[in-house]
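Accompanying notes for the structure given below.
Rule-based calculations on the coordinates, nothing more; no lab input. Keep in mind that what you see is a predicted model, and the values were worked out from it rather than measured. Here Cβ is always computed from backbone atoms with ideal geometry, including for glycine, and neighbour counts include all displayed protein chains.
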Amino acid sequence: MMNTTNTYFDNLYRIGCEYEAARAERQARKKQIIDTLGWDSEELKAWYKEDAAAKFPFSQGISKAFRAWKSSLSRSEDEIEMDDFLWEGEVHDFVEALREAGFSSFVYTNQSTAVMDNLHRFAAEGCRLEGLCTITRQENRWGEEEPYEVQGIRFSL
């Protein structure tokens, strides 16, 4: 069973929560500006500039690594599973996030038609294809469901 805590991903979660809290505060401030000063106010124009500058703190690749970890935990998996497709600009950050989080391998289970692209990009990032494998998932969608096996490819980082 994978460890339910991971300092790297726990820190990402904390930063993400802080970002979401700040975003909610900005939205409340926008409403207050509109309600009190109107749509044409200089304060609202300044708010739009501030909001545009407040970018989400993580790339999609890092976000997908975090989601893979959270999903793997929720499915009671023994190792991290990536079942999503990674676009060209996401692979590097995904692999680096897993390395930063202390993982030495992951299992890729995506079955999209563009899987070959990801396999080659993993190799270009220094990942080594270890071979075919199966992992056991335990999903609880409609009550207790039986564990089942999923086919994948294991990569070392």
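Here the label points at TRP87 and TYR48, each 7 Å from Cα along the C-beta direction, are separated by 2.5 nm in the simple model. Note on SER105 and CYS133: the model spin-label points, each 7 Å out from Cα along the C-beta direction, lie 0.4 nm apart. Annotation: aspartates and glutamates with alpha-carbon distance below 15 angstrom to LYS31 (same-chain offsets under eight excluded): ASP40, GLU42, GLU43, GLU50, ASP51.
Pull up the cross-link candidates among the aspartates and glutamates for LYS70, meaning alpha carbon to alpha carbon under 14 Å and not fewer than 8 places away within one chain. By straight Cα distance, LYS70 reaches ASP10, ASP78, GLU79, GLU81, ASP83, ASP84, GLU139.
Between ARG141, ARG99, ARG75, the GNM of the chain built on Cα springs shorter than 10 angstrom shows ARG141 fluctuating the most.
By the helix-only formula, in which each DSSP H run with n ≥ 4 contributes -39500 (n - 2.57) and the sum is divided by residues, the chain has a 222 nm mean residue ellipticity of -16500 deg cm²/dmol.
The candidate values were [x] 12.1; [y] 9.5; [z] 21.2; the one computed from these coordinates for mean projected area of the Cα convex hull in nm² carries the label [x]. Springs between Cα atoms under 10 Å define the GNM used for the chain, and in it the highest mean-square fluctuation of ASP51, ASP40, ASP84 occurs at ASP40. Between the Cα long axis of helix 60-74 and the first principal axis of the chain there is an angle of about 60°, rounded to the nearest 10. Rounded to the nearest 10 degrees, the angle from helix 7-37 to the longest Cα principal axis of the chain is 30 degrees. Distance between the modelled labels on GLU25 and HIS120, one decimal in nanometres: 4.7 nm (7 Å Cα→Cβ projection).
Calculate, for GLU146 and ASP10, the FRET efficiency according to 1/(1 + (r/R0)^6) with r their C-beta to C-beta distance and R0 25 Å; round to the nearest 0.05.
Working: r = 31 Å, r/R0 = 1.23.
My answer for the efficiency is 0.25.
Quote the charge dipole size of the range 3-157 about the Cα centre in Debye, to the nearest 20; the model charges only the Cβ of Lys and Arg (+1) and of Asp and Glu (-1). Spell out each step's value before the answer.
Values: 19 positive and 29 negative charges, 77 e Å.
Here the range 3-157 has a charge dipole of around 380 debye.
Centre-to-centre, using Cα atoms only, the range 127-147 and the range 59-78 are separated by 13 Å.
For LYS64, the lysines whose Cα falls under 21 Å of its own Cα, not counting residues fewer than eight places away in the same chain, are LYS55. Its relative contact order, with pairs defined as Cα atoms under 8 Å and 6+ residues apart, puts the range 59-157 at 30 percent. Taking VAL115, VAL91, VAL107 as the candidate residues, the one with maximal mean-square fluctuation in a Gaussian network model of the chain, Cα springs under 10 Å, is VAL115.
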